[in-house]
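Enquirer: A single structure is presented below for examination.
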Amino acid sequence: MSHRYFEDVSPGYGKAAPRAVLASDAPRLDLNGDWSFRFSPIGLDEPDGFESPDFDDAQWDRLPVPSHWQLHGYGKPAYLNIPYPIPVDPPFVPDENQTGDYRREFDWDGSPAVLRFEGVDSCARVWLNGVELGVTRGSRLPAEFDASEVLVKGRNVLAVRVHQYSSGTYLEDQDTWRISGIFRDVTLLARPADGIRDVFVHADYQADGGGRVRLEVDADGPVEVSIPLLGVEAAPATQTFTFERVRPWSAEDPFLYEAVLSTPSERVRVRFGFRTVEITEAGVLTVNGQRIVLRGVNRHEFDPDRGRVVSPELMRRDVELMKRHNVNAVRTSHYPPHPTFLDLCDELGLWVVLECDLETHGFDQTRPEPWIGNPSGDPRWRAAYLDRVQRTVERDKNHPSIIIWSLGNEAGDGQNLEAMAEWIHERDPSRPVHYEADRLARYVDVYGEMYRTPAAVRRIGQGGLLPGEIFYPLTAGAGDPADDRRNRMPFIYTEFAHAMGNGPGALAEYMRLTDEFPRVQGGFVWEWIDQGLHTTDAQGREFFAYGGDFGEELHDANYICDGLMFPDRTPSPGMLEYQKVIEPVVIEPGSPGHVMIRNRYAFLDLSHLRFTHDQGELQVPRLGPGESVEVPVPALDGWLTVQAELAEATAWAPEGHVVAWGQVPPAVPERSPALSEVRQAARRSGDHLLLGPARFDRRTGTLVGLGDRQLHGPRLALWRAPTDNDRSTGQGDAGYWKARGLDRLLHRTVSVETSDDGLTVVVRSSAANAGCGYLSTYRWDTDGQRVRVSVHTEPVGYWPERTSAFDEEMVDSDLPDEERKELLRRHSAPSLARIGLLWQLPEEASQVEWFGAGPGEAYPDSRQAVRIGHFRATVDELQTPYVRPQDNGTRADVRWAEIGGLRIEGDPVFNLAARRWSDRQLAAARHQSDLVPEPLIYLYTDHAVQGVGSGAVGPGVLPQHRLEVRAADFAFILSATD
Ligand code: GAL
């Protein structure tokens, strides 16, 4: 069968050569707005006259441009990660291929112009006044068509046919919503005769503080340039300009200059920054001579209501939010973003890894062998690959924020990728090339990997992985001499710390490695934002939708919700954790009576910051990059919090915004709670046993009242509503817990014994048909006012070992043998979600107050963002609304808590969680809107909980943060408050 035009492997036809986005004074017409729209659920390949200027479209619908038609009631969104939404039958697409026909009229003076589309998903055929201009593919890439010959004075009619799927779909298998349409701006740009078609500004920063500017201009006649801030006035643009002193551009100090280029018919303004990207002999990535650390995120474009249509306000918000959370870098996964986003990165300061619109991950799953038929290695697709990289680089080449080009994501290996790299090396040698799947580093300049463990990264830092240790080698022969080349390149985390649901864990471990090893230069958390689509169910309840919510036959569920930001852009606890871990200033306890302050900026000193603490300001010298100092602090009874805040407003945050903080513990250590010496005997009263203020059920030994407060408990709790990370088959423990029935424990009271100094209750907890469980001894005593329960609990029966995929890589290889063995043992030891006590309280107990870590949730491998203090919250406020409900809200290191008239003191400190639904309900819910409060409060006081890890995609909980099946001893003192 012959190809239909949208199935041709070529990049399309009729497009003008790609060029930069230029701010020109030539007239332009914004063609966004309401267009006439006709939807067809099938693939139409013959125009039926709609392209004609006289066609009557009065019966058509109206659709905004830019938009995705699936978010306006035509077809439905679908979420897929790796699988293709079409049969893998390249370059063909099925007949079930939605078609959107668009039409609009506009007035023009007839002067020459180009028609520019910033993004159309996935293939567009364009007619103006009935004349075909061409076809474009490459959804997130611009396409220009020269319309000069066809434009008329007065009314013009533009018709565009858009196909949901095309040959381009095979190159756009990115893990995101599959949604279509004209989703970025459409403009008509006048092209004056003798105008300026394109400019490439090369602005280098030199080691001696000087700068050099060279302009590559594409224009028919002579061009003059002015650079007002550097005293250049109407000079010929062909000249190379050198300056003795310039202010360099960096993400920390994003200083921009402007060049104004002019011909008699056009003036163009280009902003630029002086900066030089280099890789040293030792394999360290530097900018302007300084080693940088990328503290970044992977960003998909996302608006919960509009999909990949992002307004300038939302783009600004993203950049501001990143800056406020100390993020200094962004990888534009996995396509060039809307161009305005890059202007904002230049202006506000972010290091950018700019990625081409390319992914063929679905070929990884083709059979009989993965990657068979992958376009990346097929010469027929070469032109399409080159077209994509050219449109990427040409559009964005003038942004100082872009320091690395990335060929794409997960497109296997092959000659077309190599050709892309070669083209970039030729066209723009000033920026290194990245591509994670060039495992042998044949054509890239930086070495990127995904989701390695901290232990594996340590090995990379120490000199490199050995042959055979490369992750998922894609090409036969891994381990050849190219390893050596790769091991002398800067290493970046192309993706790490998969932020799905509750997590990621171990951010601190990952980022610490960037302090230890010069060539470990940080990277990008996967990912910036949960891409949950704002949706309303049949009952009118709002929720954020994920895969499967639109009836997709094939989908990847909530893997689309794996960001640091919730869909509405409120920061998740993972974001706050990252913000803390990547602070540009480290503030930590120093020698007694001192705080240690360390400057982690690469370029800035600390003069833009003000240091304060609870008692006033702290004088901190103007430390240069990398310098540190100890500063005396007042001796306090309590914890002292020192913070570094902006002394003046910046473009991204107001004055006073806190950039970093740290705490110094009290001079005198805190004391553990204790009962006074008086001891009392337990006595019987009807069906109850009484001990001081406490009342117990006589048969089960359950506490049922304290003074006039009602409560019910404790029950041993070992399970939690599995997090997305817990649910991972290879890395998570949810399967192990489920198989042992830890979510459905039954309890048998073994004995209830009273004595002169209290009460002892023994309970065995285990699930139906389970051969393992826990035996707990609760020893109660009282001083008359307060009761103490001292718990000893221990595993009984057979708890089998677990196995996991990452074994050796979970543990640092250079640890002393004993330590290493112990960690490996812990890694495969059976684990628990928690060892704790569950209590039930009346629903009125809705206010919580505590002294401990807060204000947010914390887990053993995600607890940097919390500080020790006195906090208050309602039970509802303690919940973290992960898009798919799961365990959340644990408050760590709690010394005491008060809830519903009860005071609970822990010995030692404990973890606290409270909610209005059971953990089983929490686990069963698909969306927040499924959670229905019960008329009671479930309160957990946990002696220990397991970390969260990043197991959903990546390493599970590191051995040191796992909670082993083991015995535990701990105590709580309970009393009624006034
Ligand atoms: C990576 C991929 C991302 C995303 C992530 C899992 O392999 O590059 O696009 O799919 O896994 O969420």
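The values are calculated or read from the model by the stated rules, or taken from the named source; none is laboratory data. Because the structure is a prediction, the values reported are computed rather than measured. So basically every Cβ, Gly included, is an ideal-geometry build from the backbone, and we count neighbours across all protein chains shown. Note: areas computed on protein heavy atoms with side chains; ligands, DNA, RNA excluded. Shrake-Rupley method; radii C 1.70, N 1.55, O 1.52, S 1.80 Å.
Enquirer: Do any GluC sites (Glu not before Pro) in region 790-886 lie in a DSSP loop with no more than 16 other beta carbon atoms within 10 Å, and if so, which?
Expert: E801, E843, E844
Enquirer: Can you tell me the length gained on complete extension of the stretch K821 to Y5, counting 0.36 nm per residue apart and subtracting the Cα distance? Each step should come with its number before you reach the end.
Expert: Values: separation 816, 0.36 × 816 = 293.76 nm, distance 6.10 nm.
This chain segment gains 287.7 nm when fully extended.
Enquirer: V678 to T777: FRET efficiency via 1/(1 + (r/R0)^6), r the Cβ-Cβ distance, R0 25 Å, to the nearest 0.05?
Expert: Values: r = 23 Å, r/R0 = 0.92.
FRET efficiency, V678 to T777: 0.65.
Enquirer: Within region 217-259, list the GluC sites (Glu not before Pro) lying in a DSSP loop whose Cβ has at most 15 other Cβ atoms in a 10 Å radius. It would help to have the intermediate numbers written out before the result.
Expert: On the way: sites: E224, E233, E244, E252, E258; in loops: E244, E252.
Taking region 217-259 and a limit of 15 other Cβ atoms within 10 Å, the loop GluC sites (Glu not before Pro) found are E244.
Enquirer: Mind giving me the FRET efficiency for A23 and D568? R0 is 35 Å, r the Cβ-Cβ distance, nearest 0.05 is fine. Intermediate results must be reported in sequence, preceding the final value.
Expert: Values: r = 33 Å, r/R0 = 0.93.
With a Förster radius of 35 Å, E is 0.60.
Enquirer: Which entries in the list K323/K397; K15/K397; K76/K323 go over 27 Å, if you measure between the two C-alpha atoms of each?
Expert: Details: K323/K397 23 Å; K15/K397 19 Å; K76/K323 35 Å.
Exceeds cut-off: K76/K323.
Enquirer: Give the long-range amide H neighbours of A16: residues separated by 5 or more places, or on another chain, with amide H under 5 Å away, using H modelled in the peptide plane at 1.01 Å from N.
Expert: It is E144, F145, D146, by chain and number.
Enquirer: Using the Cα centre as the reference, give the magnitude of the dipole from point charges on the C-beta atoms of region 821-978 (Lys, Arg: +1; Asp, Glu: -1; all else neutral), rounded to the nearest 20 debye. List each step's numbers first, then the result.
Expert: Values: 17 positive and 20 negative charges, 142 e Å.
That gives region 821-978 a dipole magnitude of about 680 debye.
Enquirer: For region 950-978, list residues with backbone N below 20 Å from a point placed 7 Å from the Cα of T729 toward its Cβ?
Expert: 950-957
Enquirer: Would you please name the chymotrypsin sites (Phe, Trp or Tyr not before Pro) within region 716-801 that are DSSP coil residues with at most 12 other C-beta atoms within 10 Å of their C-beta?
Expert: On the way: sites: W719, Y736, W737, Y774, Y778, W780, Y798; in loops: W719, Y798.
When the chymotrypsin sites (Phe, Trp or Tyr not before Pro) of region 716-801 are filtered for loop state and at most 12 Cβ neighbours within 10 Å, Y798 remain.
Enquirer: Let me ask you something else. When Lys and Arg each count +1 and Asp and Glu each count -1, what net charge do the other residues less than 14 Å away from R764, Cβ to Cβ, add up to? Kindly include the intermediate steps, with their values, before the conclusion.
Expert: On the way: positive: R715, R748; negative: E794.
Computed value for this residue: +1.
Enquirer: Same structure, new question: Under a no-solvent Debye model with one identical scatterer per Cα of the chain, what's log10 I(q)/I(0) at q = 0.06, 0.07, 0.08, 0.09 Å⁻¹?
Expert: -0.49, -0.66, -0.84, -1.03
Enquirer: Using the basic label-point model (7 angstrom from Cα toward the beta carbon), what is the S111 to R214 distance in nanometres?
Expert: 3.4 nm
Enquirer: Calculate, in nm to one decimal, what L554 and V658 gain on full extension: separation in residues at 0.36 nm each, minus their alpha carbon distance.
Expert: Residue separation times 0.36 nm, minus the Cα-Cα distance, leaves 33.0 nm.
Enquirer: Right, next: With a 1.4 Å probe and every protein chain kept in, tell me what percent of the accessible surface of the chain is carbon plus sulfur. Before the final figure, lay out the partial values.
Expert: On the way: 17600 of 36140 Å².
Carbon and sulfur together cover 49 percent of it.
Enquirer: Could you check the simple spin-label distance between E320 and S751, using points 7 Å along Cα→Cβ, in nm with one decimal?
Expert: 6.6 nm
Enquirer: Let me know the charge dipole size of region 121-200 about its Cα centre in debye, to the nearest 20, where only the beta-carbon of Lys, Arg (+1) and Asp, Glu (-1) is charged.
Expert: Numbers: 10 positive and 11 negative charges, 62 e Å.
Result for region 121-200 is approximately 300 debye, rounded to the nearest 20.
Enquirer: Now for a separate question. To the nearest 10 degrees, how steep is helix 507-516 against the longest Cα principal axis of the chain, on a 0 to 90 scale?
Expert: Roughly 70 degrees between the two axes.
Enquirer: Another question, then. With axes computed from alpha carbons, what is the tilt in degrees of helix 382-396 against the longest principal axis of the chain, rounded to the nearest 10 within 0 to 90?
Expert: Helix 382-396 and the main axis of the chain meet at about 80 degrees.
Enquirer: Quick one: which residues, 5+ away or cross-chain, put their amide H under 5 Å from the amide H of V659? H built at 1.01 Å from N.
Expert: A644, E645, L646
Enquirer: Here's something else I'd like to know. At 1.4 Å probe size, with every protein chain present, just tell me what the per residue accessible area of the chain comes to in Å². Can you show the working numbers first?
Expert: Details: 36140 Å² over 978 residues.
Result: 37 Å² of accessible area for each residue.
Enquirer: Oh, and also: Can you give the FRET efficiency for H534 and T874, using 1/(1 + (r/R0)^6), R0 = 30 Å, r = Cβ-Cβ distance, to the nearest 0.05? Intermediate values should be presented prior to the final figure.
Expert: Details: r = 25 Å, r/R0 = 0.83.
My answer for the efficiency is 0.75.
Enquirer: Still on this structure: Compute the distance in nm between two label points, each set 7 Å from the Cα along the Cα-to-Cβ direction, one at S311 and one at E648.
Expert: Once both label points are built, they end up 3.1 nm from each other.
Enquirer: Working from Cα positions, state the angle (0 to 90°, nearest 10) between the long axis of helix 817-828 and the longest principal axis of the chain.
Expert: For 817-828 against the chain, the angle is about 90 degrees.
Enquirer: Now for a separate question. Taking amide hydrogens as modeled 1.01 Å from N in the peptide plane, which residues meet the under 5 Å criterion relative to G503, leaving out close sequence neighbours?
Expert: G574
Enquirer: Could I ask something else about it? By how many nm would the segment from Q847 to R155 grow when fully extended, if each residue of separation counts as 0.36 nm and the alpha-carbon distance is taken off? Mind dumping the intermediate values first?
Expert: On the way: separation 692, 0.36 × 692 = 249.12 nm, distance 6.60 nm.
Net length gain for the segment: 242.5 nm.
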